[in-house]
Amino acid sequence: SSIFFCFSVVVVVVRQTHASMQAAQEAWNSLVSKKQMVIELWISSVDQGWAHSVCSQADLAKALADVEVTAIESDIIMSPSLGIPIMAHPPAIESDLTFSEFLQRGVASGKHLKLDFKQPDVVQDCLKMCQQYSDRFQGIWLNADILPGPGKEGMQPIFEADSFVKMCLDALPGACLSLGWCVDLGLAGPYEDYHVDEMFDVLSRNSLLEARLVIPVNLRLAIMNSESRPPLLRLLENTACELLLWTGFGEPPISYQDIQYARHMYYAVEPDDIEDDPDAPAQRSCYRDRVAFDVIVAQKWSVALKGAVTFRLYQGYNKSRKFFHTLASTLLLSRRPRQQQPHQFVSPSSSRLPHITTTGTVVAPAQ
């Protein structure tokens, strides 16, 4: 019996050791898988072939079939009728492409995906769906406009910066954040130092100064600043971010000369050393691999000229309208007759009734 007892003890110990080793191996595999997921989800946005604003079945089919497209950008809102996330760019409110289908087909294609969230209430649902494919992503960017930018100064963005960052990092720790400014092209000027300072504050609060992330900026606004060292260059100098210069939905095509000028400004080399050939040795500056372009380029000079003129007229119209609106409001307020403060007379018989004071406050009757 003693032999049998010893044998039983040995069997139990072996089984427990095997179970412990198996649990440890599973934990290790999970950790390795998670590390691989974190690495695989990050990929540089530079040198990608972009398909912009893919928000319909037809656009998605075209982007998936195009061998030159390596990254697909799409906008996400909540469908009022379906109550689920769909792919659409405001002011559109409906689409024939749901986020679920976009995600499934995009992941299956192996192309990189950029998710541009237009409403805060879609973020949580979309991130949960993304978690199902986290081990198969080729690359993913999570984008939102979290700060007021040119033309939107003084306005509160619909996204709260710290909340969006935390939500994304908790759900997909290896995904690349893309954090931008809200802009109004009709009223906007160049990006200024205080815009950059506010972005630095967000990155510092969330320990992202050394993180690999993307800062998207409008190309036309980014080259408005005629200073030798534009404020946006500070982001390249003091963080590990990439700068993505974009043209927006409905914006006129950009000229090739404007793209070259942007290279002059943000490749951190002297303009005289820049050649037309983007692969020329003088172009290989320290920031060349951290400046990307997601733009629609005019194929003819006439189209580029028309786009530039259209943009200037659009800005001139909006700024003039704002100026005259402000002027009219000021004149109306200055000419408005000053209202005399009426005296309040409360007779003993009406002392039990509520009354309005000279400041407009409703005073309840004495009890």
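When the surface is traced with a 1.4 Å probe over the full set of protein chains, residue 100 keeps roughly 60 Å² accessible. Among 129, 199, the sequence by solvent-accessible area, most first, with a 1.4 Å probe is 129, 199. Element breakdown for the range 198-237 at a 1.4 angstrom probe: carbon and sulfur atoms account for 41% of the accessible area. Using the average count of surrounding beta-carbon atoms within 10 Å as a protection proxy, the listed peptides 180-189, 59-68 rank, highest first, as 180-189, 59-68. Using only side-chain charges placed at the Cβ, +1 for Lys and Arg and -1 for Asp and Glu, the dipole size of the range 63-206 relative to its Cα centre rounds to 520 debye. Each Cα pair under 8 Å and six or more residues apart adds its sequence gap; the mean of these over the residue count of the range 97-189 is a relative contact order of 31 percent. Legend: distances between Cα atoms for 111/166; 118/152; 114/152; 118/166; pairs beyond 21 Å are 111/166; 114/152.
The values are calculated or read from the model by the stated rules, or taken from the named source; none is laboratory data. Fair warning: this is a prediction, and the values are worked out from it, not measured in the lab. A quick note on method: Cβ atoms are made from the backbone with ideal geometry, for glycine too, and the neighbour counts reach across all protein chains shown. To get the accessible areas, we keep the full protein, side chains included, count just its heavy atoms, and leave off ligands, DNA and RNA. Shrake-Rupley method; radii C 1.70, N 1.55, O 1.52, S 1.80 Å.
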